[in-house]
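Notes follow once the structure below has been shown.
The values are calculated or read from the model by the stated rules, or taken from the named source; none is laboratory data. These figures come from a predicted structure and were not determined experimentally. Note: ideal-geometry Cβ built from the backbone for every residue, glycine included; neighbour counts use all protein chains shown.
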C-alpha cells in the first residue's frame with residue numbers, strides 16, 4: 001500500500017512538472033513585435049478581420065503571427081500564418097487570465 005501511494009505521488013509530481021515546463025516553453029515562443037515586423041499579407045488579413053476594432057498589439061508565435069484586436073471592450077487574438085491565412089481566433093483576455101497575466 002505504501003509503495004502504491006509513493007508511485008501515485010511520483011506520477012502527480014511528474015505531471016505537474018511537465019505542465020509547468022510546457023507553459024514556460026509556450027510563453028518563450030510568444031514574442032511581442034512591432035507592426036513593422038509583420039508581413040504585408042498578414043497586416044492586410046488582420047485589418048480585414050478587425051472590422052471596426054483596433055489592433056492593440058502584435059505577437060509572433062512560432063511560425064505564425066497574432067493580431068490582438070480590441071473591439072467593444074473585448075480583446076480577441078487572431079492567429080494568422082505568414083501567407084495571410086487566418087489560422088484561429090480566441091478570447092485574448094481569457095487566455096491571459098488563465099496564465100495569471102494582465103494585458
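Quick look at the numbers
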quantity: Looking only at segment 49-59, and only at residues there that are surrounded by fewer than 16 Cβ atoms within 10 Å (Cβ to Cβ) and modelled with pLDDT of 95 or more, the one that is farthest from the chain's Cα centre (by Cα); calculated: 54
quantity: Of residues in segment 19-40 being in a helix (DSSP H, G or I), at pLDDT 55 or above and under 12 Å from the mean Cα position of the chain (by Cα), the one farthest from residue 79 (Cα to Cα); calculated: 28
quantity: Among (1) within 17 Å of residue 93 (Cα to Cα); (2) modelled with pLDDT of 95 or more - the single one residue 43 does not satisfy; calculated: (1)
quantity: Verdict on residue 84 being surrounded by 13 or more Cβ atoms within 10 Å (Cβ to Cβ), assigned to a loop (DSSP other than H, G, I, E, B) and more than 15 Å from the chain's Cα centre (by Cα); calculated: yes
